[in-house]
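Here's the structure, in C-alpha cells; my notes come after.
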Amino acid sequence: MLIRILVVASFFLSTLLSAQQYTRFVDPFLGTGGHGHVYPGATVPFGMVQLSPDNGIEGWDWCSGYHYSSNTIAGFSHTHLSGTGIGDWCDISVLPLTDTTQIRSKKTLIPFSHQNEKAKPGYYQVKMGNGVLAELTATDRIGYHRYTFPDKKGWIQFDMGFAINWDQPTAGLLHLVDSVTLVGYRYSTGWAKGQKVYFAARFNKPVHELLFINDSTHTTNRAEGKNVRVLLNFNSTQTIECAVALSSVSTEKALNEIKQQVVASFEQIAKRAENRWESELQKIKIDTSNKAQATRFYTALYRTCLAPVISSDADGEYKTYDNKIRRFTNGVNKYTIFSQWDVFRALNPLFTITQAERYRDLLNSLLAFYEDNGLLPVWDISTWEANTMTGYHSVPILADAILKGIKGFDIYRAYEAMKKSANQKQRGTPDYIKYGYLPQDKHGWSVTITLEYAFDDWCIAQVAKKLGRLEDYEVFSKRALSYKNLFDPTSGFFRARNSDGKFKEPFDPLLSEHGFEGQYIEGTAWQHSFFVPHDVEGFAALHGGKEKLIQKLDQLFTAPSELHGEDVSIDVTGLIGQYAHGNEPSHHIIYLYTQLGRPDKAAYWIKVVADSMYKNGPDGLTGNDDCGQMSAWYIWTSLGMYPLNPASGEYIFGMPLISEATLELPQHKKLHITVKKVKGNNQKGIAAIHLNGKEIPIRSITHSQLLNGGQLIYSIYE
C-alpha cells in the first residue's frame, strides 16, 4: 500500500515538475569568483560559440577571461574555456566604444558594475561605464550582439590581437567586404598550437567609416597583421546589432553560415537559446521547493553541457592544427575540448544517460582525433594534443561506451586505438611496461601515472574480454595490477620507486610538488593513494583487509590540512583533512566507504562536502569546474550515487541530496527517485533502497538497471 501511495504521489509530482521552467534556477555567475574559472556569457549546449566578457586581466583565475573580482571589460570574445586551469582561446574580441581616446592602448578597459550585469542560459547583459548597454546571445555557430549607445555616436572595435595568459596571436585579417559585412581570421599559438578561427560579421546598419589600428599592411577596407584592429562607425543610430559566425576552415564558410541563419529578432534568438537550455535541464527534474538547492543543482547540470564544443562547420568540414581540411562523416558534428583527465571520472558516464543522441558524435570525435593525430586525445584543444595531465583516459571513456553497448561507432577501431595508446612510445609508457611501474628516475609524476595507467589497462582488458581477445585480456589484466608495485606497507601509501626498485627518499605524505618532476600530479600522497577503482578488494588486501583500508580513509579526513614544499600545487583546494574536493583525484574517494561496507560513513562525508564545497554565488565552487567534472560530481551525488569505477557500468550509492527526481532516460523511459525518512535511533545514512518494489543491497545499481527505469526509493535515517 505504501509503495502504491508513493507511486501516485510521484506521478503528481512529475506532472508538476514538467510544467516548471528550470532555466530560472541557473546562475551563470556561480563559480565565476574563487577558483571556479567559469564564464558567465551566452552559449547554447555544446555550441561552437561561447560569447562572453573578458576583463582584460591575465592570471590563473582569469583562465576563462572573466573573474568576478574584476570591474573592467576589454571586449566580448567568441570562444572560452569553462573551468580549466590554463588560459587560452578568447578569439574574435568585440568592444563597443563611445569615443576613440584609448584606441592606441594595448587594451581598452571599460569599467562596469556587477549591479548593472545579469545573465541567464543563452543570454548576457551589462550596462558598461561608457553608457553602452551590451546584450549577447548565440546559436551553435553564431554569436549575436546588440549594443545600445547612450547617443547617436558610437564605435564597434574588432580586435584580432586580444589575448590572455599563454595565448598569443600569430596572424590576423580584417576585411570589410561590403557596407554591412566584415570578415577575418585570428591565428594564434598558446596552449593550442596552430589554432585558426575564421569569422564573418553581418551588421543591421551600414558602416559609415572605419579605422585600422596596429596593422602591418592595409588598403582602404582590408588589413593584415598579428595585432590588427578595426574601429567601425555606423553614424546616426543608437542601436547596432551584429551577427558573428565562426568557422574553423575559412571566411567563406563563416559567410555561408551567416547566409544560412534564420531571419529572426534578437529576442527570438535569445528565446530559442533559452528553450534549448530548458530541454537540456528537463532531462533531470528535481523538486525545486528548496530554491537554493535547485540553483546549485541546475547550475551544475548547465555546466555539464558547456564542453566538449562543436568544432566542425555545418557541412562537417574542419581544419586541423597542421592545416589539413577534413570532413567529419560519422555523425552530425565533430567536437573539441576533451579534458580527459577530468571528465572520464563522472561527466562522461553522465553523458551515457543525458546525452544518448549526442554521444555517438562525441565518441566518433575521439576516433577522428586518432585518425588525424595517430593517438587518442589526452587533452584535445582545437585539434592540438596538449598532452596535459596523466593517463590515457580516452581509454575508459571508450571502454565504458563499448561495455554499455552504446551504438554508432566502430568498436573494433576504438579497440585498436585504445591499444595504441597503451603502447605509445612517450609519456613514460615504455618504462611503465618494462618495469611494471614507472620509475621516478625515468619520468616525473611516476606514482600518479602508474596508478592511472593500471586503471586504463584494466579497461582495455574488459573490452578485450568482450571482444574475445583473450591473449590481450591476459596481458592487460596483468598490467592492471601494476599499482601493487608501488605500495609501501610500512607507510600505507603508494610511493615512488626508482629503477633500482628502491623507494624514493625522504618521504613526506604532505609534500606537494607542482612541477613536472613531482611524484604526484597536483596533489600529495594522501590524495593519490586511493586510486584503485578497478580492484578495491585487491587494494584493501594490501592494507590488511577492508577494516584497515576503512581506517586509512578515516585518517585521510583527519590528517593535517596543510601542504609542504617550495612549489605547492595551486590546484589542491577544498581540503578536509587531506581530502581535496577542489581537484579530481579525490572525487571517487568517499564512495570507497560504501564499496567497503560502510555506507554510513560515505553518507556523512558526502553531506559535509556537498554543504561546504558547493555554495551559491560567485565563490560557490571550491575548485576549477574543469569542463564540467566538478559539476558532474554534484549531479551524481545529489541523485544518491556515483561511478566510482567509471568504466564498470556500476553506480555506487552514497547519500541523496534531493527529495524527488525524475530522470528522462533513453528509449523514452523514466526513473523516478523518491527519498523518504525513517526513524534511525541515532543511525545515519541510507536505511534501505527499493528498486521497482524490491529491496536491493545498499551498494550499487547497474547502468542497465537504471536504464530500465521505474521507481527508486531511498529510505534514509532522519
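The values are calculated or read from the model by the stated rules, or taken from the named source; none is laboratory data. None of these values were measured; they are calculated from a predicted model. Because the Cβ atoms are built from the backbone with ideal geometry, glycine has one as well, and the counts that use them run over all protein chains shown.
What the table below lists for this structure:
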quantity	calculated
Qualifying residue in region 34-53 (condition: without any contact (Cβ under 8 Å) to a residue 40 or more places away in the chain and under 17 Å from G617 (Cα atoms))	no
Criterion violated by S631 - all others in (1) of a type in the set (S, T, Y); (2) crowded, with 22+ Cβ neighbours inside 10 Å; (3) touching a Lys or Arg at 6+ places or on another chain (Cβ under 7 Å); (4) farther than 26 Å from T352 by Cβ satisfied	(4)
Filter pass, S289 being at pLDDT 95 or above, on the phi < 0 side of the Ramachandran plot and in contact with a helix residue (DSSP H, G or I) (Cβ under 9 Å, 6 or more places away or on another chain)	no
Filtered residue count, region 118-142, keeping only those that are free of Cβ contacts under 8 Å to residues at least 12 places away in the same chain and among the charged types (D, E, K, R)	1
Matching residues in region 156-172 - criterion: being surrounded by fewer than 23 Cβ atoms within 10 Å (Cβ to Cβ) and touching a Ser or Thr at 6+ places or on another chain (Cβ under 8 Å)	Q157, D167, Q168, P169, T170
Test: Y321 is closer than 21 Å to A192 by Cα and either without any contact (Cβ under 8 Å) to a residue 12 or more places away in the chain or in contact with a Gly (Cβ under 6 Å, 6 or more places away or on another chain) (or both)	yes
Pick from region 236-255, criterion in contact (Cβ under 8 Å) with a residue 12 or more places away in the chain, surrounded by fewer than 20 Cβ atoms within 10 Å (Cβ to Cβ) and out of contact with any Gly (no Cβ under 9 Å at 6 or more places or on another chain), ranking: farthest from A42 (Cα to Cα)	S236
Residues of region 70-98 satisfying the condition of being on the phi > 0 side of the Ramachandran plot and assigned to a strand (DSSP E or B)	G75
Among (1) more than 24 Å from P45 (Cα to Cα); (2) surrounded by fewer than 18 Cβ atoms within 10 Å (Cβ to Cβ) - the single one L232 does not satisfy	(2)
Given (1) touching a strand residue (DSSP E or B) at 6+ places or on another chain (Cβ under 7 Å); (2) crowded, with 24+ Cβ neighbours inside 10 Å, index of the condition E117 fails	(2)
Every residue from region 308-348 that is out of contact with any strand residue (DSSP E or B) (no Cβ under 8 Å at 6 or more places or on another chain) and closer than 22 Å to H393 by Cβ	N330, G331, D342, V343, F344, R345, L347, N348
Any chance F76 is modelled with pLDDT of 95 or more and of a type in the set (F, W, Y)	yes
Residues within region 41-54 that are crowded, with 24+ Cβ neighbours inside 10 Å and part of a loop (DSSP other than H, G, I, E, B), tallied	5
Residue that is nearest to T299 (Cα to Cα), among those in region 591-609 that are crowded, with 20+ Cβ neighbours inside 10 Å and either touching a Cys at 6+ places or on another chain (Cβ under 7 Å) or of a type in the set (A, V, I, L, M) (or both)	V609
Region 446-474 residues that are farther than 17 Å from D342 by Cα, paired with ones that are of a type outside the set (G, A, S) and at pLDDT below 95 (beta carbon under 7 Å, 6 or more apart)	none
Tally of residues being outside any loop (DSSP other than H, G, I, E, B) and either farther than 22 Å from L403 by Cβ or of a type in the set (V, I, T) (or both) across region 672-711	19
Subset of region 282-301 (residues that are among the charged types (D, E, K, R), over 20 Å from the mean Cα position of the chain (by Cα) and outside any helix (DSSP H, G or I))	K285, D287
Any chance I716 is part of a strand (DSSP E or B) and surrounded by 22 or more Cβ atoms within 10 Å (Cβ to Cβ)	no
Matching residues in region 99-128 - criterion: being of a type outside the set (V, I, T) and not in a strand (DSSP E or B)	D99, Q102, R104, S105, K106, K107, L109, P121, G122
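A quick yes/no check of all residues on (1) crowded, with 22+ Cβ neighbours inside 10 Å; (2) over 26 Å from N616 (Cα atoms):
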| position | (1), (2) |
| --- | --- |
| K283 | no, no |
| I286 | yes, no |
| K291 | no, no |
| Y298 | yes, no |
| A307 | yes, no |
| D315 | no, yes |
| T320 | no, yes |
| R327 | no, yes |
| G331 | no, yes |
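Conditions tested, residue by residue: (1) aliphatic (A, V, I, L, M); (2) under 21 Å from the mean Cα position of the chain (by Cα); (3) in a helix (DSSP H, G or I).
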{"residue": "A602", "(1), (2), (3)": "yes, no, yes"}
{"residue": "V608", "(1), (2), (3)": "yes, no, yes"}
{"residue": "S631", "(1), (2), (3)": "no, yes, yes"}
{"residue": "K670", "(1), (2), (3)": "no, no, no"}
